[in-house]
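This report refers to the structure that appears directly beneath it.
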């Protein structure tokens, strides 16, 4: 008898539980249109700055970017505060990150002086992207779900690569790098500078946008347990990972140009040296023939 009562109570509890969830989320009774819910999450909010009428538009991506930028600045100021003779934990973490960036720059062929000039900007890009990506852990749409944001970051990165490459190896060295390892590589190297920003943008957009869609789907279908568990990876770790990959690739592009320019210069100098040696060896023979 007790088993029957327990089973009856369990069935009533489950029905009441499903009804309560269906009223809130509309999932179990089929009232929720998952496609419409996700579509509403994807579409960006668009408005106009108060007092400007319809002249200056503003979107959710712009607002979140400003918030993330403020968070990144505060985090950077906190991490890079006053140095102590006995390093604090945050100072040790900051110095470790800088050492990692130094190692990355040297791995890609940059010397210490060049690394010191590159690290501040690369680090700033990393902190900014991390702030923008991991903000989704608070169920706030990340700016990178708007395709304009990744492409803007990619264009900024590639122009920074060109600027720093010219600064390190000069204009001649920059264009000389297009001929490494052979002259016929010039068209492919030019195309490569158009492909690189597209690759950077699509990689950032695809990963962040895909993670955002998955988390929205989980929050609709299983809103209690799954989002919290999966959010640790798709909102937090994946956001950090994509920022790190973006910074690594930007650094590698600068190192690639610097290494190619130096390699081409060394080959040209070696060819010139060999040509001079041949001329010196041929000079006595020409003098004998002339005599």
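Every number in this text was worked out from the coordinates using simple rules, so none of it is lab data. Keep in mind it's a predicted model, so treat the numbers as computed, not measured. Heads up, the Cβs are rebuilt from the backbone with ideal geometry, glycines too, and the neighbour counts pull from every protein chain shown.
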Peptides ranked, highest mean first, by Cβ atoms within 10 Å: ranges 136-142, 184-190, 248-254: 248-254, 136-142, 184-190
So residue 236 and residue 49, fully extended at 0.36 nm per residue minus their Cα-Cα distance, gain in nm 64.2 nm
Gained length - residue 190 relative to residue 147, 0.36 nm times residue gap less alpha-carbon distance: 13.1 nm
Label-point gap, in nm, between residue 166 and residue 97 - each point 7 angstrom along Cα→Cβ: 3.1 nm
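Pop out the Kirkwood hydrodynamic radius of the stretch 122-211 from its pairwise C-alpha distances, inverse of mean 1/r, in Å to one decimal. Intermediate results must be reported in sequence, preceding the final value.
On the way: mean 1/r = 0.0679 Å⁻¹.
The Cα-based Kirkwood calculation yields 14.7 Å.
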Within the stretch 164-202, find all residues whose amide N lies under 12 Å from a label point positioned 7 Å from the Cα of residue 265 along Cα-to-beta-carbon. 166-177
